[in-house]
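A.B. asks: One structure, as structure tokens, below. Some questions next.
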């Protein structure tokens, strides 16, 4: 099966040897998106705003691939502090109002650039 790399200026550039996303068959797999504003290069440091920015980055990548958040089937959320879980859910729920995707959420010791959150997604291409 052939794979296709996805790249957009509307999401942060990779800060390592990886792509923003790859399409394989009818699925797109995004890399984890930290809350880095692609226009300014500024990292969001408040958890609700950080969650929003990470999801906006995922959304931009999906749209560059011709799909959307509506087609997300699985997400993984990495958070620095599980005490922020309710605040993350508050913002996350505004992006996935109906037919929410499957999701894992784990607390991690450290994220790139000492970010508060990182979100990755798997979606269908329709």
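All of the numbers you see were taken from the coordinates with simple rules; none came from a lab. The structure displayed is predicted, hence computed values, not measured ones. Every residue, glycine as well, gets a Cβ built from its backbone with ideal geometry; the counts of neighbours run over all protein chains shown.
A.B. asks: Please sort 58-67, 86-95, 37-46 by packing, taking for each peptide the average over its residues of neighbouring beta carbons within 10 angstrom, highest first.
C.D. replies: Taking the mean over residues of other Cβ atoms within 10 Å, the ranking is 58-67, 86-95, 37-46.
A.B. asks: Report the Stokes-Einstein translational diffusion coefficient (µm² s⁻¹, integer) for segment 19-91, Rh taken as the Kirkwood radius over Cα pairs, at 37 °C with viscosity 0.692 mPa s.
C.D. replies: Once the numbers are plugged in, D ends up at 251 µm²/s.
A.B. asks: For the pair residue 10 and residue 99, how long in nm is the line joining their label points, each one 7 Å along Cα→Cβ?
C.D. replies: With each label point 7 Å from Cα toward Cβ, the separation is 2.0 nm.
A.B. asks: Show me 102-113, 18-29 ranked by packing, highest mean number of other Cβ atoms within 10 Å first. Intermediate results must be reported in sequence, preceding the final value.
C.D. replies: Working: 102-113: 11.6, 18-29: 16.2.
With the highest mean Cβ count within 10 Å placed first, the list reads 18-29, 102-113.
A.B. asks: How tilted is helix 47-64 with respect to the longest principal axis of the chain? Cα atoms for both, answer in degrees (0 to 90, nearest 10).
C.D. replies: With rounding to tens, the tilt is 10 degrees.
A.B. asks: Provide Rg over Rh for segment 1-122; use the alpha carbon set for both Rg and the Kirkwood Rh (inverse mean inverse pair distance).
C.D. replies: Result: Rg/Rh = 0.94.
A.B. asks: What percent do you get for the relative contact order of segment 11-126 when only Cα pairs under 8 Å and 6+ apart count?
C.D. replies: So the answer I get is 37 percent.
A.B. asks: Then there's this: With both partners inside the chain, how many of the DSSP beta bridges are antiparallel, as a percent to the nearest 5?
C.D. replies: Roughly 75 percent of the DSSP beta bridges within the chain come out antiparallel.
A.B. asks: When N is the residue count of segment 49-112, what does its C-alpha Rg come to as a fraction of 2.2 N^0.38 Å?
C.D. replies: 1.12
A.B. asks: How far apart, in nanometres, would the label points at residue 111 and residue 89 be if each is projected 7 angstrom from Cα along the Cα-to-Cβ direction?
C.D. replies: About 1.8 nm, to one decimal.
A.B. asks: Any idea what angle helix 85-95 forms with the longest principal axis of the chain, computed on alpha-carbon atoms, 0 to 90 degrees, nearest 10?
C.D. replies: Compared with the principal axis, the helix lies near 40 degrees.
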